[in-house]
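Notes for the one structure printed next.
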Amino acid sequence: MGQREDNIDLVRRFVRDVLNTGDTSKVRDMVCEDFLRIDPVRKERGASDVERFLHERHDQNRDLRYTIHKIIADGDYVAATLSAKAFHRPSGRHVEGTGMVFIRIRDGKIAEVESQWDRSKIPE
């Protein structure tokens, strides 16, 4: 595979094996130690923040599933549109959201994620 395909494969594996399962044991294999997430609602710095995020999301949401709808790559960057669905335990409701992510890859790991999500259907 070339760089483009390798980067897309990394993002697909991260969604499938980490975001959808909450398996924090794979985070440091796929995310740089100095990882940065830029999002209007929250920021994460470092692999440990990613692990904390996963615990929070999976504690609050049963059957959390992210789906990639479109994905493209150019150089060190991957862009994707996604949706997320889950049963939100605190509200007792099924919730869903859609978003776009721009991901920078460095040395075969995710270094930075900039995301924009439509959270209008997600309870506070």
Any pair with Cβ under 9 angstrom, 6 or more apart, that starts in the stretch 82-98 at a residue that is within 8 Å of N61 (Cβ to Cβ) and ends at one that is in a loop (DSSP other than H, G, I, E, B) and not polar (S, T, N, Q): H88/I122; H88/P123; V95/K121; V95/I122; V95/P123
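Looking at R45, R37, R12 in this structure, which one is charged (D, E, K, R), surrounded by fewer than 16 Cβ atoms within 10 Å (Cβ to Cβ) and either at pLDDT 95 or above or closer than 23 Å to I71 by Cα (or both)?
Exactly one residue qualifies, and that residue is R12.
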Among (1) assigned to a strand (DSSP E or B); (2) of a type in the set (V, I, T); (3) free of Cβ contacts under 8 Å to residues at least 40 places away in the same chain; (4) touching a helix residue (DSSP H, G or I) at 6+ places or on another chain (Cβ under 9 Å) - the single one I105 does not satisfy: (3)
Only one of V95, V50 that is buried (at least 16 other Cβ atoms within 10 Å of the Cβ), aliphatic (A, V, I, L, M), at negative phi and in contact with a His (Cβ under 7 Å, 6 or more places away or on another chain): V95
Residues located in the stretch 6-28, provided they are touching a residue at least 24 places away in the same chain (Cβ under 8 Å), out of contact with any helix residue (DSSP H, G or I) (no Cβ under 8 Å at 6 or more places or on another chain) and either under 13 Å from I105 (Cβ atoms) or in a helix (DSSP H, G or I) (or both): D6, N7, I8, V11, R12, V15
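The values are calculated or read from the model by the stated rules, or taken from the named source; none is laboratory data. These numbers were taken from a predicted model, which means no experiment stands behind them. All Cβ positions, glycine included, derive from the backbone under ideal geometry; neighbour counts span all protein chains shown.
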